[in-house]
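What follows is a single structure, written as structure tokens, with notes after it.
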Amino acid sequence: MGDRDLPSMHATTIVTIRKGNKVVIAGDGQVSLGQTIIKGNARKVRPLGNGSVISGFAGATADAFTLFERLESKLEQYPDQLMRACVEMAKDWRTDRYLRRLEAMMLVADKNTTLCLTGNGDVLEPEDGIMAIGSGGNYALAAALALADSDLDAEQMAKKAMKIAASICVYTNEHFVLEQLDAE
């Protein structure tokens, strides 16, 4: 049985919402291997850069931790320059033989900027302050976009969008972790 024949880890819904004076990243806690739930309370959202950046990942867990560490070092190298740190990390991710094999995506935000990072070298900024990734990402994105004009704040929108995604995506549960920052 080769590596390609092994069941792959699935699970994750990560959503970020920038609204009013807050930016939020929320994620679920479910990790699945094939048709089995391995863990229900994984922490896929965390602060970085001495708390000045929040991030969430979708994809292989070990790969995501490698990317968190790499981004952390880029943030140390380029303090208070999230865009620059992310572009430099994306360059490394795209060109480094080891990093190129990593299978994950990340959402990151600071007080000014929200970005999605991929292994293809993408550093994408949302047009409307809302992005989502992972198996339930499209459900959370659609829900958040539908709630954008409501009176809900960023945290309330994120929780509601995650709850909707969890009700649709079998790889998403309702054990949410949420990090937020004051936005400018």
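State yes or no: is Asp28 at pLDDT 90 or above, among the charged types (D, E, K, R) and crowded, with 16+ Cβ neighbours inside 10 Å?
Answer is yes for this residue.
Residues of the range 102-111 that are at pLDDT below 95 and not acidic (Asp, Glu): Leu102, Ala104, Met105, Met106.
Scanning the range 41-71 for residues that are under 19 Å from Arg94 (Cβ atoms), surrounded by fewer than 17 Cβ atoms within 10 Å (Cβ to Cβ) and of a type outside the set (A, V, I, L, M, F, W, C) returns Thr66, Glu69.
Against the conditions (1) out of contact with any Ser or Thr (no Cβ under 8 Å at 6 or more places or on another chain); (2) in a strand (DSSP E or B), Ala132 satisfies every one except (1). Taking the criterion of being in a strand (DSSP E or B), aliphatic (A, V, I, L, M), touching a residue at least 40 places away in the same chain (Cβ under 8 Å) and out of contact with any Ser or Thr (no Cβ under 6 Å at 6 or more places or on another chain), the residues of the range 38-74 that qualify are Val45, Val53, Ile54. Being modelled with pLDDT under 95, polar (S, T, N, Q) and surrounded by fewer than 23 Cβ atoms within 10 Å (Cβ to Cβ) holds for only one residue in Asn138, Asn120, and it is Asn120. Regarding the range 143-163, can at least one residue be identified that is closer than 13 Å to Thr13 by Cα, hydroxyl-bearing (Ser, Thr, Tyr) and not in a strand (DSSP E or B)? For the range 143-163, residues closer than 13 Å to Thr13 by Cα, hydroxyl-bearing (Ser, Thr, Tyr) and not in a strand (DSSP E or B): absent.
The values are calculated or read from the model by the stated rules, or taken from the named source; none is laboratory data. A quick note: this is a predicted structure, and the numbers were derived from the prediction, not measured. Virtual Cβ from ideal backbone geometry, glycine too; neighbours counted across all protein chains shown.
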